[in-house]
Amino acid sequence: MVKSLIISMLVFVTVSGFCQTSKKVFMIGEYQQTYDKIMMEYKSHLLEVCDNSMDNAYQKWSGVLYDIEKYVMAEDFDIRGVKLWMNVFFNKNGKIDYLVFYPKPVSKNMNYEKLEDILEKFVVNYKSGITSDKAFSHYGSASFPVFYSTYKRDDE
């Protein structure tokens, strides 16, 4: 009876992997089945949303990172020296549905659980201003501090 119950619970967790967590922010590898399902749902990418313009996509990505940095620093958490691989999943309206990250080996040593908690609060209210007719994602590198500029060339 107990063995049957344990097997049933394992099957439920395996089959319903998308329900592993209700968190919107977590580290790559923490909830792998959930992450895999999210990856399959968000097939478009930021570059595509930006009409394949690397300059535009880079500017949008830098703006998101800059906004993250401002928010985290306002929460009195020092993010300077943090370097991450980050995968951000946006809905059509530009809100972040999920933010998944992993520290790079050269990142400063810090309390990443506390960073997760702060980023969880960030994604609840943040709207990037990037809109699309479908949900999309961006996988990129993040280094803090962000040196962001809204500089535009004359030919734009």
Looking only at segment 39-59, and only at residues there that are closer than 14 Å to ILE130 by Cα and within 14 Å of the chain's Cα centre (by Cα), the one that is surrounded by the fewest Cβ atoms within 10 Å (Cβ to Cβ): HIS45
If we scan segment 47-60, do we find a residue that is of a type outside the set (Gly, Ala, Ser), farther than 20 Å from TYR148 by Cα, touching an Asp or Glu at 6+ places or on another chain (Cβ under 9 Å) and without any contact (Cβ under 8 Å) to a residue 60 or more places away in the chain? no
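Among the residues of segment 25-43, is any part of a loop (DSSP other than H, G, I, E, B), at pLDDT below 90 and among the β-branched types (Val, Ile, Thr)? Give the derivation first.
Taking segment 25-43 and keeping what is part of a loop (DSSP other than H, G, I, E, B), we get 28-31, 42-43.
Okay, now just the ones that are also at pLDDT below 90, so none.
No, segment 25-43 contains no residue that is part of a loop (DSSP other than H, G, I, E, B), at pLDDT below 90 and among the β-branched types (Val, Ile, Thr).
Residues of segment 67-85 being under 27 Å from LYS43 (Cα atoms) and surrounded by fewer than 20 Cβ atoms within 10 Å (Cβ to Cβ), which ones? Before you say what the answer is, go through the steps one by one.
If we filter segment 67-85 for residues that are under 27 Å from LYS43 (Cα atoms), which is where we start, we get 67-69, 83-85.
ASP67, GLU69, LYS83, TRP85, listed by residue number.
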List pairs: first residue in segment 95-110 and under 21 Å from TYR31 (Cα atoms) and in contact (Cβ under 8 Å) with a residue 24 or more places away in the chain, second residue of a type in the set (Lys, Arg) and assigned to a loop (DSSP other than H, G, I, E, B) anywhere in the structure, Cβ distance under 8 angstrom, at least six positions apart or on different chains. ILE96/LYS24; ASP97/LYS24; TYR98/LYS24; LEU99/LYS24
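Based on what the data block shows, is VAL64 over 13 Å from TYR148 (Cα atoms) and surrounded by 18 or more Cβ atoms within 10 Å (Cβ to Cβ)? If you could, list the steps in order and put the result at the bottom.
Working: over 13 Å from TYR148 (Cα atoms): no; surrounded by 18 or more Cβ atoms within 10 Å (Cβ to Cβ): yes.
Against the criterion (over 13 Å from TYR148 (Cα atoms) and surrounded by 18 or more Cβ atoms within 10 Å (Cβ to Cβ)), VAL64 does not qualify.
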Quick check on PHE136: is it among the aromatic types (Phe, Trp, Tyr), surrounded by 20 or more Cβ atoms within 10 Å (Cβ to Cβ) and at pLDDT 95 or above? yes
Scan (1) closer than 21 Å to SER132 by Cβ; (2) modelled with pLDDT under 95 for the single condition LEU10 breaks and write down its number. (1)
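The values are calculated or read from the model by the stated rules, or taken from the named source; none is laboratory data. Owing to the predicted nature of the structure, the values given are computational and were not obtained by experimental measurement. Glycine also receives a Cβ, built like all others from the backbone with ideal geometry; neighbour counts cover every protein chain displayed.
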